[in-house]
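Trainee: So that we are looking at the same thing, I have put the structure below in structure tokens.
The values are calculated or read from the model by the stated rules, or taken from the named source; none is laboratory data. Only a predicted model underlies this, so the values are computations on that prediction, with no experimental measurement involved. We place every Cβ from the backbone using ideal geometry, glycine too, and count neighbours over all the protein chains shown. SASA here: full protein model, heavy atoms, side chains in, ligands and nucleic acids out. Shrake-Rupley method; radii C 1.70, N 1.55, O 1.52, S 1.80 Å.
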Amino acid sequence: RFPRIPDSSPKVRNSDSPTPLPPSPSKRAIMPPQNSSIVGEVVSASIGGAFSASALYPLEVIKTKLQAEGNSTSKENNNALDEEEETSKGAISLAKSMYQEGGIGAFYGGIVTSAFQSATEKALYFFAYTFLKNGYGTLTGG
């Protein structure tokens with residue numbers, strides 16, 4: 001038997017699947033595949049980042065207030081405080097008092113900055129990831 005000489009025409013996988021194999025890396029432009037859009041992934045990541053920041057923001061506000069309360073309580077321990085002021089509120093009691101004082105808006109003060117930061121962070125992350133993934137796939141032929 002003689003060795004087979006490679007043919008330069010596009011190959012098909014088998015007789016059941018007439019889909020040709022992708023072109024070699026030298027013929028492929030450095031662009032994302034048609035089924036994967038960098039813009040689509042960036043927009044999706046941005047929306048997802050803003051949504052997750054909005055959903056978790058009330059917990060961040062409660063955590064921050066508890067931390068600030070803990071710092072102020074530890075600094076004031078030298079003063080004579082009655083027992084009720086000295087004990088730190090729990091997260092649930094703090095959430096109840098915040099709601100009674102300011103309604104639902106008390107949990108969302110400053111949300112725009114946080115949502116914008118998260119949206120920008122996720123968009124940049126997924127842009128870099130997709131760009132590098134597509135570039136690596138182009139270089140390796142995959």
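Trainee: What single numbered condition from (1) modelled with pLDDT of 90 or more; (2) open to solvent by less than 40 Å² (accessible area, probe 1.4 Å); (3) within 30 Å of residue 140 (Cβ to Cβ) fails to hold for residue 119?
Mentor: For residue 119, the failing item is (3).
Trainee: When you look at residue 49, is it in contact with a Lys or Arg (Cβ under 8 Å, 6 or more places away or on another chain) and either modelled with pLDDT of 90 or more or surrounded by 14 or more Cβ atoms within 10 Å (Cβ to Cβ) (or both), yes or no?
Mentor: Criteria met by residue 49.
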